[in-house]
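A short reminder: the numbers here are calculations on the coordinates, not readings from a lab. Keep in mind that this is a model prediction, so the values were computed, not measured. So basically every Cβ, Gly included, is an ideal-geometry build from the backbone, and we count neighbours across all protein chains shown.
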Amino acid sequence: MLDINKYDFFPFNPIYRSDSFEFFFKKIDSFFLYQRKVSELDFYSQIISVQDITKIYLQPSEPFAEGFDTRFLLLKFTEPLLLLPDSSLEGYVDFPISLSLFIIDNQNKIHHINTFSLLKPKLALYGNPHNGKICRFWESSFSSSIPNEKPFATGVLQLYINNPTSSKIIITRLVLDFSFMELYFKFNSCKTSARVKIVSDKFAETEFITPRDIEGYSKSIDLIPTRILTSSKFLMEFGL
Amino acid sequence: MKFWHSITLSKLIEIAVIVFIFFVLFIIIKIIIRRFRIILRDKLSKNTLTILSKLITYGFILLYLLLVLTYFGINLSGLVVAGGFLSIIIGLATQKVLGNMIAGVFLIIERPIKLGQSVTIGDVSGIVEEVRFLSTIIRSLEGQFVRIPNEQVFNAIIINLAENVVRRIDYLVDIRYSDDFFKAKEVILKLLAEEPFVLKIPEPEVFVEEFASSSVRVRIRFWSPTEKWYEVKAKLLPYIRKSLEENGIEIPFPQMEIKVKN
C-alpha cells in the first residue's frame, strides 16, 4: 500500500490510499482492473487494456461536473462586489477542482484513465432556459488573502477585475469557461488566475490567464483539447 | 458516311472539352455533396441524405445534357412544351405530395424539431426518428412507429421538450394541518440541495398551494438540465416522502368530519 498526500508520479502499487480516496489495481490476465473508492457510496470500477503499469500520476484538473458535460463554472460571491467607476480589484476565491489519474505503461506512455471529484457537484443556469449555459455552481467569498485550500478538493483562483466604465458596477457572480483554465500545482495545492473586464452593468468578459509566481509549480495536463479557432474569452451577457 | 465526314478535328476537341468539363464539374459536385452530408448528418437521416444526393447528381447530369444539346444547335422548344404539359399533369395529380414535400423542405430549413428530440406534435408524443421529404417519423413513448405527413407537422402546434437547456419539475405534496409547513419546507429544500442535478439557479421553490379539505397542499418547483429531467423527476418524489416522514411530517389520508344532529 502506498500513501498519497500530494499531486505527483508514484511507483506502481496495487493499493494507493489518501485521507479521502483509495485506488486499487489488480492484474487479471492481459488487462488491469482499476477501482476507485471515495466514500461508501462512491465506488467506481473499470477494466484497462494495458499489459503493464510502471507508475501512476495524479494531478488536479478542471472543475468537471461528474455525470454532466459542461465547461462553465459559475462563481457566486458570498458578498457582492461593488466596483467604482474606473477602478479595479484584485483578490482570491477558492474553487472546486477535479482529480485526474493517469497510468504510465512499460513503454513510458502516459494514459488518462479517470477523473473524479471529492465534492458533489451542483449545477446552475446562467441566462434564460433557451440560450443559457448550464454551469458548475460554486459559492465563495472574495478575499484579499489566499484562502485555505481543502487538499485534493479545492484550489485558489486569483481574480483581476477591472471596471473601465464610468458607472459603478455590482458583481454578484462570474461565469468562466474552464476549457481554457491554466492550472498549476505544488505538493497538494493548486492555483490559477482569471481576468474580468467589465463592459457595462450587464456585460463582462472573463478569461483564464497564466497565474503569477509559478516558480516551483508544475502545469496540469489539459484534459479539454485546445480549440484553436475559439476565443478564450467568455462574454457574460445575462447580467453580472 | 455523311455523319462521319461532318466530324472534324475541331469538333472532336470540342467534345473532349465538354466531356472534360463534365467530369471536373461532376467531381466538384460530388465533393460538395460529401461535405454537405458530413455537415447535415446530425440533422437529416441517412435515407434523406442519400435521396438528396441522388437528386442533386441526376439534376446536374440532366441540366448539363440539356446545355450540351443546346450548344450543338438541337432545338429544345418541343421538349420544353412537352415538359410544361407534363409538369401541369404531374402537379395536379401530386398536389398533396408536393405540399408535403414543400412542407418537408421548410421543416428542414426552420428546424422546429431535430433528430432524437422528444416532441409532441398534435396528439402524438415521442422521439423524432426521421424527417423525410414527405413525412416525419416519430417513435411514440410506447415504442410505436408513427408517420405524420409533413404538411400536418408544419401546420400543427409543436411542443419540443428538448429544445431548451433546462426544464422545470413540479410536485404537489400534501401534509397534515397539524404539521409545521416551515419545517416541511426546510426538509424538502435540504434534500433538493443535495441532489446534483437540481439546479441551484433558478432556486427551488416550496410554497403552500392550497388549504384543501383534508390537507395543506404544498407545491414544490425546481429546475433540472433537460437531459436529466426525467431521471430527476422519477427519482426524487419517494425521497421527499421518506425525508418528510423521518422528520415526523406525514402525508394525510382524506378525512371527513361527520356531525350527527339529534
Next on the checklist: Pairwise over distinct Cα atoms, reciprocal of the mean inverse distance: report the Kirkwood radius of chain A in Å, one decimal place.
Outcome noted: 19.2 Å
Item to check | Quotient of C-alpha Rg and 2.2 N^0.38 Å, computed over chain B | outcome: 1.78
Checklist entry - Along the positive direction of the dipole of chain B (beta-carbon charges: Lys, Arg +1; Asp, Glu -1; about the Cα centre), which of B:Gln95, B:Ile28, B:Phe253 reaches farthest? => result B:Ile28
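Would you compute, from DSSP H runs of 4+ residues alone, the mean residue ellipticity of the protein assembly as shown at 222 nm, taking -39500 (n - 2.57) per run and dividing by the full residue count, rounded to the nearest 500?
Taking each H run of at least 4 residues, the total per residue is -9000 deg cm²/dmol.
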Checklist entry - Taking the Cα centre of the protein assembly as shown as origin and charging only Cβ (+1 Lys, Arg; -1 Asp, Glu), how large is the dipole, in debye to the nearest 20? => result 1660 debye
Checklist outcome for this item: Label model pair B:Arg221, B:Leu172: point-to-point distance (7 angstrom along the Cα→beta-carbon line) in nm is 1.4 nm
Checklist outcome for this item: Ranked on Cβ counts within 10 Å of their own Cβ, fewest leading, B:Phe207, A:Phe95, A:Phe102 go B:Phe207, A:Phe102, A:Phe95
Item to check | Least to most buried among A:His130, A:His111 (fewest other Cβ within 10 Å first) | outcome: A:His130, A:His111
Next on the checklist: Can you give the local net charge around A:Phe116? Use residues other than it whose beta-carbon is closer than 13 angstrom to its beta-carbon, Lys and Arg +1, Asp and Glu -1.
Outcome noted: -1
Checklist entry - Size of the dipole of chain B about the Cα centre, Lys and Arg at +1 and Asp and Glu at -1 on the beta carbon, nothing else charged, in debye to 20? => result 1200 debye
Checklist outcome for this item: The simple spin-label model distance between A:Asn5 and B:Lys259, using points 7 Å out along Cα→Cβ, in nm, is 7.6 nm
Checklist outcome for this item: Of the listed pairs A:Lys120/A:Lys186; A:Lys26/B:Lys228; A:Lys150/B:Lys228, those with alpha carbons more than 26 Å apart are A:Lys26/B:Lys228; A:Lys150/B:Lys228
Item to check | Residue (of A:Ser145, A:Ala65, A:Asn5) at the positive-pole extreme of the stretch A:1-150, dipole from beta-carbon charges | outcome: A:Ala65
Checklist entry - How far is helix B:46-71 tilted, in degrees, relative to the longest principal axis of the Cα atoms in chain B, given as a value from 0 to 90 rounded to the nearest 10? => result 20 degrees
Item to check | Lys, Arg +1 and Asp, Glu -1 on Cβ, resulting dipole of chain A about Cα centre, debye, nearest 20 | outcome: 180 debye
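Across the residues of B:197-204, average count of Cβ atoms on other protein chains within 10 Å?
On the way: counts 7, 2, 7, 10, 12, 3, 1, 0.
Average neighbour count from other chains, rounded to a whole number: 5.
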Next on the checklist: At R0 = 30 Å, how high is the FRET efficiency between A:Phe116 and A:Ser231 if r is their beta carbon distance? Nearest 0.05 is fine.
Outcome noted: 0.50
